[in-house]
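Here the structure is laid out as structure tokens; the discussion comes afterwards.
Throughout, read-outs are computed from the coordinates displayed, never taken from laboratory work. Quick caveat, the model's predicted, so the values are computed rather than measured. With ideal geometry, Cβ positions are generated from the backbone for all residues, glycine too; neighbour counts draw on all protein chains shown.
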Amino acid sequence: MEDVFRFADELGPTKIIHVYEPSVGLKAVLVVDNVARGPAIGGLRMAPDVSMGECFRLARAMTLKNAAADLPHGGGKSVIYGDPKMLKNEKEKLIRALASSLREIQEYIFAPDMGTDEECMAWVKDEIGRVVGLPSDFGGIPLDEIGATGWGLSHVTEVALEYCDFDLEGARVVVQGFGAVGKHVARFLTEKGAMLVGVADSRGTIYNPQGVDVEALIKLKKAGKSVADYPTGKKLDRDAVINIECEIWIPAARPDVIDKNNVNRLKAKLVIEGANIPITYGAEKYLHEVCRNTRLVLEDAATKGILPREAAVDLAVHRLKKSMSYRRWSLYSSAPGFV
């Protein structure tokens, strides 16, 4: 059994809650890391293979990012163990069951994450009301639709280029993950003159040194296909994306995709972390202290003080503040009209 207390330090975690509801087959975990600034905000992730350690590190990353952005919130993370591509009605049962089980845990506010979306947050709202990231029909800001995180990443990239020896115009970009974050950062950067040459998803990688059309890829994904189904270019294994030579490499999918075993394969001058904790500590140390090819790594957490993901969180909190009288966090209501 995993020793959950080995992660504990002076910051947290405040709570680790395991949830099991056999009537719907729900297995889930919640980590509330720190609530010194206010109730924890963090995404609800759905995946079959998230470890307890990974869940804690994701929650801690949210603590640091929310604090660095001066938001009145701590950090948390919840995980439902399951296939995010399951039937919609089955997913709804699990999410509603988790929300109901955590009704009294007012230190945690749900938000969308990998494997969940704004519609999922509407189910949470219906159950307990304690949620951000709602669909526009429910008064929310359509963060995924407008690409808030992708915009933040593109802006951070432009700032980082002031410390690099190349320009955005004509820069080769590789994106690992083509979901709500990856597709938008690719779109924003190519609109500013960069060239997308490689993209990976869970089913493969497409590489084309002449460039990949972002809108065509978006249509492929919307049709349920893989980026590897793109008609021109070289189709590669999904892990081969790290081998593609480029100026800008953007991990925008799972945690720990770069580790000590593959970090020396990275052939990029600039790494912009779009995913949560996509590079292990050892690999980041190697890139900063040993590697001479990669000039700069902008980290996902708050250590750089530049927070691409907080563009989305800040908008969600803005909506939260407008939707209710902003009382002290300990008095937050869990009534249906919360947000």
**Item:** GluC sites (Glu not before Pro) within the stretch 7-93, DSSP loop, no more than 13 other Cβ atoms inside 10 Å
**Value:** Glu10
**Item:** Vicinal HN-Hα couplings computed from phi for the stretch 116-124 (Karplus, 6.51 cos²θ - 1.76 cosθ + 1.60; Hz; Gly/Pro x)
**Value:** 10, 9, 5, 5, 4, 5, 5, 5, 5
**Request:** In nm, give the distance between the simple-model label positions of Val290 and Asp259, each being 7 Å from the Cα along the Cα-to-Cβ direction.
**Result:** 1.5 nm
**Message:** Rounded to the nearest 5, what % of DSSP beta bridges with both residues in the chain are antiparallel?
**Reply:** 45 percent
**Message:** For Asn34, what residues show an amide H to amide H distance below 5 Å, using hydrogens built from the backbone and excluding near sequence neighbours?
**Reply:** Thr14, Gly75
**Request:** Would you kindly derive the ³J(HN,Hα) couplings of the stretch 278-284 from the backbone phi angles with the Karplus curve 6.51 cos²θ - 1.76 cosθ + 1.60 (θ = phi - 60°), listing them in order in whole Hz, with x for Gly and Pro?
**Result:** x, 10, 5, 4, x, 5, 5
**Item:** Neighbour net charge for Thr157 - beta-carbon separation under 12 angstrom, K R +1, D E -1
**Value:** -3
**Message:** I need Asp113, Asp70 ordered by Cβ neighbour count within 10 Å, fewest first.
**Reply:** Asp70, Asp113
**Message:** Give me the dipole magnitude in Debye, nearest 20, for the chain about the Cα centre, with unit charges on the beta carbon: positive for Lys and Arg, negative for Asp and Glu.
**Reply:** 320 debye
**Item:** Mean ellipticity per residue at 222 nm, deg cm²/dmol - from DSSP H runs of n ≥ 4 across the chain, formula -39500 (n - 2.57)
**Value:** -9000 deg cm²/dmol
**Request:** Treat the count of other C-beta atoms within 10 Å as a stand-in for reagent exposure and order Val290, Val174, Val35 from fewest to most.
**Result:** Val290, Val35, Val174
**Prompt:** Roughly what angle does helix 88-101 make with the longest principal axis of the chain, taking Cα atoms, 0 to 90 degrees, to the nearest 10?
**Reply:** 50 degrees
**Request:** Give the Kirkwood hydrodynamic radius (Å, one decimal) of the stretch 1-126, defined as one over the mean of 1/r across all pairs of different Cα atoms.
**Result:** 14.5 Å
**Asked** Roughly speaking, what is the stretch gain from Arg203 to Lys225, that is 0.36 nm per residue apart minus the C-alpha to C-alpha distance, in nm to one decimal?
**Response** 7.0 nm
**Prompt:** When the Debye formula is applied to the Cα atoms of the chain, each taken as the same point scatterer, what base-10 log of I(q)/I(0) results at q = 0.14 Å⁻¹?
**Reply:** -1.13
**Prompt:** So who's got an amide H within less than 5 Å of the one on Arg45, skipping anything under 5 residues away but keeping other chains? H placed 1.01 Å off N, in plane.
**Reply:** Ser78, Val79, Ile80
